[in-house]
Amino acid sequence: MADGKIDEKGMQFKKLENFSQWYTDALIKSGFIDYSDVSGAMVFRPSSYSMWQTFSAEVDKEFKKIGIENVYFPLFIPEKFLKKEADHFEGFTPEVAWVTEVGHEKLSERLAVRPTSEAIMYPSFSKWIRSWRDLPIRYNQWNNVVRWEFKHPTPFIRSREFLWNEGHSVYATQQEAMAERDVILGIYLKMLKEYFALPGIAGQKTDKEKFAGGVASYSIEHIMPDGWAIQGPDWHFDGQNFAKVFDIKFLDINEKEAFAWQNTYAISTREIGVVIATHGDDKGIILPPKVANIQVVIVPILKKGSEEQVLEYALKVEQKLGAIRVKLDSREGYTPGYKFNEWELKGIPIRIEVGPKDIESGSVVVARRDTYEKETVKIDDVAEKVNETLEKINKNLYDKAHAFMLSKIHHADTYDELKSLISKNAGMVNAPWCGDIKCEDKVKDETGAKITNIPFDQKANGGKCVVCGKESKSRANFARSY
């Protein structure tokens, strides 16, 4: 790509033949993102940033409905605060970026660039909370974080700077804190389905995979087109671990001093990568209609001598569409075929074609990006038809993604079955597990797969642990994971 124009060669890789190359090809050639001169940090171009703005605004509305308030804390965290919580700090140490000097002056104390905000928020919580009447506190930040991953950075999937929501709740009792889990995960599942057309598998992380410093972690997991798993949004029950470190205590209803109970939760721009990977095809990306910055593109078919009439008609169609996000592509010097290919590459949900024949019949041609189906529609009916089609596209994208996810969940009751499925990158393998970390480690060492989570849905029979043969505590999902 040069000067923001689409590479005329279009997509060079097939999604199912070379997913990794297809993925980066689709992101760059569609103009969705660009690389920056900082390794592992990307540029959100209008279509990708608009997607995050729209999605985060809708999630924010859901948060506000249940009483969560937005705040903002500093980007920089004094090292002494990070060191206060040893387990938490240890979990992030390899990824922390540090500010050590300003101009030519060395700082007296290193400042961490926010990898997450517990260490900067909780000293304030300690000052603000004195009584049970001050609780609960339910705060959220929409911000950026930096985690200097040393693995191969991949846009959205594993980037060194990303955007997210960062929720922090403080409660007077354990029961109140735990009651929040299903509410937050329910919001995430709902919004992923409605706005990103993404399904997910909710469950509990193992102790080995849980959030550093937390008591228990719960996640929503996705399956990528190559059969690998990727973690989506999560919710962590932090118990009183942070409260004891940062001295967050209060007088309870019985006038006795007690430590608070805390939760944290997040959803990040990683989900955008999952959207592109899940819905895209060999022609490029496909944007879910509700988060597409352009929902409809109108392409005039200009014939010599009728240009003015066709453009006037196209403007009339644009006006008919009202609040729908529309782009009229009236650029000169590009053929309709070139424009069709370009907008397909960019993933615009609907294309409307108008030409001299459409003027005569008082109609337009409506083309869907997801199925490539075309339909002739009367101009007076175009707004209703487009709105209806946008809903159908969103449902179709979700249904296809859900069917794919189910097709990639396999069951194994022996270790040989588990290893065979993992070796084929078949997807997630649901298998009985005794709960022993030794068995978890053995699977990771011998297959490269980890337990993504222990799904809440435990409809399958338990059975014996596939690794050691002992009675299982649950069935877990094993997969190679990003």
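The values are calculated or read from the model by the stated rules, or taken from the named source; none is laboratory data. Predicted model only: the values in this text are computed from it and were never measured. Ideal geometry is used to build each Cβ from the backbone, glycine not excepted, and the neighbour counts take in all protein chains shown.
With respect to V275, determine if the residue is surrounded by 22 or more Cβ atoms within 10 Å (Cβ to Cβ), touching a strand residue (DSSP E or B) at 6+ places or on another chain (Cβ under 7 Å), aliphatic (A, V, I, L, M) and within 30 Å of D34 (Cα to Cα). Spelling it out, it is not the case that V275 is surrounded by 22 or more Cβ atoms within 10 Å (Cβ to Cβ), touching a strand residue (DSSP E or B) at 6+ places or on another chain (Cβ under 7 Å), aliphatic (A, V, I, L, M) and within 30 Å of D34 (Cα to Cα).
Looking only at residues in the range 19-37 that are assigned to a helix (DSSP H, G or I) and of a type in the set (G, A, S), the one that is surrounded by the fewest Cβ atoms within 10 Å (Cβ to Cβ) is S20.
Report the residue count in the range 352-361 for those that are in a strand (DSSP E or B) and either in the same structural domain as I33 (by TED's automatic domain parsing) or surrounded by fewer than 22 Cβ atoms within 10 Å (Cβ to Cβ) (or both). Final tally of qualifying residues: 1. The set of residues in the range 278-288 being buried (at least 23 other Cβ atoms within 10 Å of the Cβ) and either in contact with a strand residue (DSSP E or B) (Cβ under 8 Å, 6 or more places away or on another chain) or among the basic types (K, R) (or both) consists of T278 alone. For the range 167-214, how many residues meet the condition of being more than 30 Å from W128 (Cβ to Cβ), touching a helix residue (DSSP H, G or I) at 6+ places or on another chain (Cβ under 9 Å) and of a type in the set (A, V, I, L, M)? Residues flagged as more than 30 Å from W128 (Cβ to Cβ), touching a helix residue (DSSP H, G or I) at 6+ places or on another chain (Cβ under 9 Å) and of a type in the set (A, V, I, L, M) within the range 167-214 amount to 5. Taken over the range 242-277, the residue count meeting the criterion of being at negative phi and free of Cβ contacts under 8 Å to residues at least 12 places away in the same chain is 3. Looking at the structure I just gave you, is L345 under 20 Å from E360 (Cα atoms) and either polar (S, T, N, Q) or surrounded by 14 or more Cβ atoms within 10 Å (Cβ to Cβ) (or both)? Considered against the rule, which asks whether it is under 20 Å from E360 (Cα atoms) and either polar (S, T, N, Q) or surrounded by 14 or more Cβ atoms within 10 Å (Cβ to Cβ) (or both), L345 comes out as no. For the range 277-310, name all the residues that are of a type in the set (D, E) and either within 30 Å of D226 (Cβ to Cβ) or in the same structural domain as P155 (by TED's automatic domain parsing) (or both). D281, D282, listed by residue number.
Scanning the range 250-279 for residues being in a strand (DSSP E or B), touching a helix residue (DSSP H, G or I) at 6+ places or on another chain (Cβ under 6 Å) and not aromatic (F, W, Y) gives a total of 3.
Does E118 satisfy being surrounded by 17 or more Cβ atoms within 10 Å (Cβ to Cβ) and of a type in the set (D, E, K, R)?
yes
For the criterion of being assigned to a loop (DSSP other than H, G, I, E, B), closer than 19 Å to I301 by Cβ and either in contact with a Phe, Trp or Tyr (Cβ under 8 Å, 6 or more places away or on another chain) or of a type in the set (A, V, I, L, M, F, W, C) (or both), I348 passes.
A quick yes/no check of all residues on (1) within 20 Å of the chain's Cα centre (by Cα); (2) crowded, with 16+ Cβ neighbours inside 10 Å; (3) farther than 16 Å from T278 by Cα; (4) modelled with pLDDT under 95:
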residue	(1), (2), (3), (4)
S363	no, yes, yes, no
E373	no, no, yes, no
T376	no, no, yes, no
D381	no, no, yes, no
V386	no, yes, yes, no
T389	no, yes, yes, no
L406	yes, no, no, no
D416	no, no, yes, no
I422	no, yes, yes, no
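Condition check: under 30 Å from I350 (Cβ atoms) and acidic (D, E). Does D416 satisfy that? When the stated conditions are applied, D416 does not pass them. Every condition in (1) at pLDDT 95 or above; (2) acidic (D, E); (3) surrounded by 12 or more Cβ atoms within 10 Å (Cβ to Cβ) holds for E69 except the one numbered (3). In summary, N293 fulfils each of the numbered conditions (1) touching a Leu at 6+ places or on another chain (Cβ under 9 Å); (2) in a helix (DSSP H, G or I) with the single exception of condition (2).
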